[in-house]
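Asks: Pasting a structure here, questions to come.
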Amino acid sequence: MTQSRSRALSGLAAASAVATWVLLLVGCLVHGTGSSLACPDWPLCFGSALPKMENGVQYEHSHRLVATAVGILTVVLAVLLYRRRREDPRGAKLGYLAVGLVCWQGTLGGITVLLRLPLLVTMAHLTTSMVFFCLMTVVALRSFAEPPAPPPRVPTPGNPYRSWTAASAGGLAALRPWVAAAASGTLVQIILGGLVRHTASGLACFGIPLCDGEGWPSHDLWPSHDGAHLHMLHRIFAVVLGSFVIGVALAVRRRAAAGTPQETRVGRLAALAIILVLVQVTLGILSVLSLLALLPVTLHLGVAALLLVCNVALFYYLPARARQTEGAQIGEAARAW
């Protein structure tokens, strides 16, 4: 593939990932402004492709327009990946998957409107959007990666093997499953947060960190609504997950201290994960104290999505077990040299 085509693919993949994140924010604005059913029909809005942007239609229809743009970007990206399928067959398969997911997501969006916001479909819509964002991120990371040069069998003074140091490769590879657990837990927490929002439980508990002075809301306090329990479950899991993500990120930073470009990259991603956890907790507190003000609630979802793809990127860049073995063998050869 020529250099110009490679740049076009990388730019389009990055633009698709960014546009997907913007789409998540706009979708959050739709719910936060109570505009989810501002357009009662689908795919048009009041029978028009360009309705009057008022009374919530400006949020709901803008969401549809951004979703359409993301869909077009995805199809074009898949075509470019298909054209280089011989060089990168796995990338082409990711393109097929992206088109399938974006079509499924559009279908879920239509069902959500036509069936008047059923909770199960709404949560499937949220989950699919996060999975799609992760996929777009992986495609973008792959598009910017240069083809790795095969390491020499025996390192020489003029051409040492510097992808991973033998000391760090094994330790970082061992952390890869823990990073996968952090990413999975983040997705579960996002789904829990979606349940809190879509069951109107965002203000079921006042006060931080307790729920109206209780560590766990009693049935006497909430006899007819379990929203407080769901709300507190979201809080408790946030503390557990946040501690876990920070712990894993610190372990990654400790083991990626040799200073090679790859180790520097994963170290920075780990630092970013820690920062995002702290920002996310702050936004969660502000969401409650501000009585679900639109800005902190929207940013709360946006930062959660960034934390998810940060862990996905960290998992993507960490060496796998096979790389660990290879690195150890090369390290032994270097010592023998």
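Bear in mind these aren't lab numbers, they're just calculated from the coordinates by the rules spelled out. Bear in mind that the values here come from a model prediction, so they are computed numbers and not experimental data. Here Cβ is always computed from backbone atoms with ideal geometry, including for glycine, and neighbour counts include all displayed protein chains.
Asks: When ranked by the protection proxy of mean other Cβ atoms within 10 Å per residue, highest first, what sequence do the peptides 6-14, 114-122, 21-29 form? The partial results should precede the final answer.
Replies: Numbers: 6-14: 17.6, 114-122: 13.1, 21-29: 19.1.
Result, highest mean Cβ count within 10 Å first: 21-29, 6-14, 114-122.
Asks: Evaluate the charge dipole of region 29-153 about its Cα centre and quote only its size in Debye, nearest 20, assuming +1 on the Cβ of each Lys and Arg and -1 on the Cβ of each Asp and Glu. Please list the in-between numbers first.
Replies: On the way: 11 positive and 6 negative charges, 120 e Å.
Dipole magnitude for region 29-153 comes out near 580 debye.
Asks: Quick one: work out Rg over Rh on the C-alpha atoms of region 1-146, Rh as Kirkwood radius. Don't skip to the answer; put the middle values down first.
Replies: Values: Rg = 16.4 Å, Rh = 15.9 Å.
Across region 1-146, the Cα-based Rg/Rh ratio is 1.03.
Asks: Okay, moving on. Provide the per-residue ³J(HN,Hα) series for region 300-315, in order, calculated from phi with Karplus coefficients 6.51, -1.76, 1.60 and θ = phi - 60°, each as a whole number of Hz, with x at glycine and proline positions.
Replies: 4, 5, x, 5, 4, 5, 5, 5, 4, 6, 5, 5, 5, 5, 4, 4
Asks: Now for a different question. What order do you get for 66-75, 300-309 when each peptide is scored by the mean count of other beta carbon atoms within 10 Å, highest first?
Replies: Working: 66-75: 18.4, 300-309: 22.3.
Peptide ranking by packing, descending: 300-309, 66-75.
Asks: Using the Karplus equation 6.51 cos²θ - 1.76 cosθ + 1.60 (θ = phi - 60°), what ³J(HN,Hα) coupling, rounded to whole Hz, does each residue of region 244-251 give in order, writing x for Gly and Pro?
Replies: For region 244-251, the Karplus curve yields 5, 4, 5, x, 5, 5, 5, 5 Hz.
Asks: Now, a different point. Could you tell me the relative contact order of region 232-320? Use alpha-carbon pairs under 8 Å, at least six residues apart, and round to a whole percent. Display every interim value, and only then the final one.
Replies: Working: 63 pairs, mean separation 24.2, N = 89.
With pairs under 8 Å counted, the relative contact order is 27 percent.
Asks: At a Förster radius of 22 Å, what calculated FRET efficiency corresponds to the Cβ-Cβ distance of TRP42 and ILE72, to the nearest 0.05?
Replies: On the way: r = 18 Å, r/R0 = 0.83.
The formula returns an efficiency of 0.75 here.
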